[in-house]
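This report refers to the structure that appears directly beneath it.
The values are calculated or read from the model by the stated rules, or taken from the named source; none is laboratory data. None of these values were measured; they are calculated from a predicted model. Cβ placement follows ideal geometry from the backbone for every residue including glycine, while neighbour counts extend to all protein chains displayed. Surface areas here come from the heavy atoms of the whole protein model, side chains and all, with no ligands, DNA or RNA. Shrake-Rupley method; radii C 1.70, N 1.55, O 1.52, S 1.80 Å.
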Amino acid sequence: MKIIENENMPKANGHYSMCVEHNGILYLAGQLPFEPETKKMPDGIKAQTLQTLKNVERILLAANSKVDQILQMRIYIPDVELWGEVNEVYSEFFGSHKPARCVVPTNALHYGALIEIEATAFV
């Protein structure tokens, strides 16, 4: 197991790693929709979904991978009613690439976020 850390990745706010590589597979911690430069969260589920996907992409690039190497995603949302808008942005972001995915309706997410996404990809 190798912890992937560098200046291009956000720092973890707790006792976890943002990205771990094992046998060529990357495991990304759940990402929230914070903009890296401002540390602010955009308003609305569509903007938060896009920002979170960009945050996942940023970590993948820093770990020498890319979006079309994502194998699986887990998406957490506080209300299943948000699923349609999440799926719309997700579909536009990924285009023809279709990783395995689950969407999990939860209770409130940390910091009031409307979405959290974790990913598994290969190097």
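Karplus-derived 3J(HN,Hα) values for segment 20-27, using 6.51 cos²θ - 1.76 cosθ + 1.60 with θ = phi - 60°, are 10, 10, 9, 6, x, 10, 9, 10 Hz; glycine and proline are entered as x.
May I ask you to order 39-48, 59-68, 113-122 by the average number of other C-beta atoms within 10 Å around their residues, highest value first? Mind showing how you got there, number by number?
Details: 39-48: 15.5, 59-68: 17.5, 113-122: 21.4.
Highest to lowest by the protection proxy: 113-122, 59-68, 39-48.
The amide H of CYS19, built 1.01 Å from its N in the peptide plane, has ILE4, ALA29 as neighbours under 5 Å, considering only residues 5 or more places off or on other chains. Helix 83-94 and the longest principal axis of the C-alpha atoms of the chain enclose an angle of approximately 40°. Only lysine pairs 8 or more places apart, or on different chains, with alpha-carbon atoms under 25 angstrom apart are counted in the chain, and they number 18. Using only DSSP helix segments of four residues or longer, with each worth -39500 (n - 2.57), what per-residue ellipticity at 222 nm results for the chain after dividing by its residue count and rounding to 500? Result for the chain: -8000 deg cm²/dmol, rounded to the nearest 500. Along its principal axes, the chain has C-alpha extents of 37, 31, 23 angstrom, given from the largest down. Whole-Hz Karplus values for segment 112-118 come out as x, 4, 9, 7, 9, 10, 10 Hz, taken residue by residue from phi with 6.51 cos²θ - 1.76 cosθ + 1.60 and θ = phi - 60°; glycine and proline positions read x. Computed over protein heavy atoms with a 1.4 Å probe, the accessible surface of the chain works out to 57 Å² per residue.
Considering only Cα atoms, the convex hull volume of segment 55-98 works out to 81 Å³ per residue. For the Cα atoms of the chain, what angle does the longest principal axis make with the long axis of helix 45-62, in degrees from 0 to 90, nearest 10? Helix 45-62 sits at roughly 0 degrees to that axis.
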